[in-house]
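To start, the structure itself, in structure tokens.
The values are calculated or read from the model by the stated rules, or taken from the named source; none is laboratory data. As the structure is a computational prediction, the values presented were derived from the model and not from experiment. Only protein heavy atoms, including side chains, enter the accessible area calculation; ligands, DNA and RNA are left aside. Shrake-Rupley method; radii C 1.70, N 1.55, O 1.52, S 1.80 Å.
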Amino acid sequence: MSNLPFSIAPLVLTIGPGENTTITIEHIETYVGISKEYNIFSLIDAISHRNVPQMQVIATNLVANAKREPLVKILVFLTTHIERSIVAQQHLRQESVIKKVIGYYGADECIRTAKNYSARGLRKIYSLLIMTDAKSKGYMGARADEGLLHDVIAKIAIA
């Protein structure tokens, strides 16, 4: 929100003044280059639905906008989501318990993820995320710009 005035002013100049001018999502995507669909939360949603094409599109966009969404931040959010999904999977028959333990925010995505992945798959994804985090920080000589996000997304897709 703090960047909103800086984004709106050039957008209005580009579109042109007028009483009937309405700024749409398409204008924002075209002229500002940001899509509300391409953020960490939409990536979590795509993972929870096992929507592989959407995961890949979002990952590509996140890599392209690495200054806005750094890899470390993405990995922290994904790891937390998977941790909560593992907890949710242990209590799938008691959704009220899940919402108390995890919290209401994000509980539905965690439940969906818990239902769409096996316990072994979730543990594998968790391990992949921890290893990817280490690689992003230089462990084993890896660098963050070596396609780490795309690699982990591809592995999540088959987990």
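Taking a straight line from the alpha carbon of K99, these lysines sit under 27 Å away, with near neighbours fewer than eight places off in the same chain left out: K36, K73, K115, K124. Potential lengthening of the chain between A154 and A66 amounts to 29.8 nm, from the contour at 0.36 nm per residue minus the alpha-carbon distance. Full extension of the chain segment joining T22 with R50 gains 6.6 nm, where the gain is 0.36 nm per residue of separation less the Cα-Cα distance. Length gained on full extension, R120 to Q94: 7.3 nm, using 0.36 nm per residue less the C-alpha separation. The residues of segment 52-105 have, on average, 62 Å² of accessible surface per residue, using a 1.4 Å probe with all protein chains present.
When you restrict to C-alpha pairs under 8 Å that are six or more residues apart and normalise by the size of segment 32-155, the relative contact order lands at 28 percent.
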